[in-house]
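Right, one structure below, let's go through it.
Nothing in this text is a laboratory measurement; each read-out follows from the coordinates by a stated rule. Every value quoted in this text rests on a predicted model; they were computed, and no experiment measured them. As a convention, Cβ positions derive from the backbone with ideal geometry for all residues, glycine included, and neighbour counts pool all protein chains shown.
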Amino acid sequence: MATQESSSRRKKFLLIINCIILAIGNCGGPLITRLYFLKGGERIWLSSWLETVGWPIVLIPLSFSYFNRRREFQGKILSDNNNDNNNNNTKLILMTPTIFVASIGIGVLTGFDNYLYAYGVAKLPVSTSALLIASQLAFTAGFAFLLVKQKFTSYSINSIFLLTLGAVVLALHANGDRPNGESKKEYVLGFIMTLGAAALYGLILPLFELLYKKAKQGITYTLVMEIQAVYCLFSTVVCTIGMIINKDFQAMSREAKSFELGEARYYVVIIWSAILWQCFFLGAIGVIYYSSSLVSAILITVLLPVTEILGVVFYGEKFTPEKGVSLVLSIWGFISYLYGDIKSSKKKKENQSQEQEMIDKITCTP
């Protein structure tokens with residue numbers, strides 16, 4: 001029981017760490033992407049590419065994980081007095097070919113999702129694109145029910161309803177958010193593209209959970225990072241092809257010279273964009289691993305009003321009454337889910353305690 005309790009605490013701690021990483025990426029990513037477009041950036045495929053091109057960052061923790069496994073393997077050899085074993089038995093890569101192929105498929109979908117999202121951010125204010133992305137929660141809930149048989153409680157249903165309602169309330173003021181100099185056609189297309197991104201990402205999150213459940217091997221956080229490296233790599237490949245066709249690589253130097261913040265800061269924005277978006281993807285799949293795709297979607301949604309407030313602070317966007325109502329509804333929805341999760345965990349512990357008592361009584365019966 002003590003070991004089980006210790007494992008549960010460790011899992012919750014790592015879940016909190018991944019939630020923090022996700023929060024940093026979820027709030028910072030859209031803001032720095034919008035900054036790129038506000039200050040003169042125009043390349044949508046480049047912006048899409050930046051969302052996953054930072055995937056080599058994951059190789060750093062993966063290297064530490066490999067050397068740690070290797071050291072543990074060597075220690076085991078010494079303890080077993082089996083010095084003839086070959087230390088190269090430590091696997092460099094844990095994923096199977098099936099998981100590798102599935103990760104490629106998810107990566108291709110993510111590449112197109114990145115483009116849809118980047119197009120929306122280019123045409124819409126941060127607050128408006130954030131409210132549309134909130135609709136991904138409904139898509140995630142639907143796909144999670146179909147693909148992984150996600151169980152719903154009254155608290156999770158209430159949370160989904162409140163968070164979705166918050167997005168609807170925000171949508172009521174959307175027409176007044178059209179940036180100066182942008183045509184109605186571009187604005188509407190930005191709306192459609194962002195909704196498409198929300199729907200596609202609503203499918204991608206449960207696909208990760210399905211991959212974890214269907215994998216015919218033990219799922220460790222090291223394997224989760226390997227999956228991220230592969231799918232982000234192939235997402236980057238998709239966006240790289242788009243950049244080559246659109247001649248974005250040749251345009252970068254010209255764009256840097258005309259960037260409002262200066263040429264040096266143009267590249268600073270580019271680098272930080274890649275880092276922050278990698279935090280988002282790493283945090284998202286980490287939350288799915290330690291909890292579920294629905295929890296990941298709920299956390300992403302509840303952070304959207306925070307992104308809106310930051311958009312108001314940094315870019316001078318209007319904080320309308322609708323945004324205030326949405327913020328309250330989002331916090332309410334998050335508290336509802338959190339309360340339900342705590343209640344469910346408490347009930348589960350009580351059931352386990354009762355089962356243990358029954359086992360003890362049976363064992364002690366002469």
Check: Tell me, what HN-Hα J-couplings in whole Hz come from the Karplus equation 6.51 cos²θ - 1.76 cosθ + 1.60 at θ = phi - 60° for each residue of region 309-314, using x for Gly and Pro?
Finding: 4, 5, x, 5, 5, 8
Item checked: In order through region 268-274: 3J(HN,Hα) via Karplus (6.51 cos²θ - 1.76 cosθ + 1.60), integer Hz, x for Gly, Pro -> 5, 4, 4, 5, 5, 4, 4
Next item on the list: Quick one: grab the alpha carbon gyration tensor of region 242-339, order the square roots of its eigenvalues as a ≥ b ≥ c, and give me rounded if a/c is under 1.5, else prolate or oblate depending on whether a/b is larger than b/c.
Entry: oblate
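Order 195-203, 127-135, 295-303 from most to least packed using the mean count of other Cβ atoms within 10 Å. Could you put the intermediate results ahead of the total?
On the way: 195-203: 20.6, 127-135: 27.1, 295-303: 24.8.
Descending mean neighbour count gives 127-135, 295-303, 195-203.
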Item checked: Cut-off under 5 Å, modelled amide H: who pairs with Glu317 long-range -> Val312
Next item on the list: Pop out the ³J(HN,Hα) list for region 230-240 in order, Karplus 6.51 cos²θ - 1.76 cosθ + 1.60 with θ = phi - 60°, rounded to Hz; leave Gly and Pro as x.
Entry: 6, 5, 5, 4, 6, 5, 5, 4, 4, 5, 5
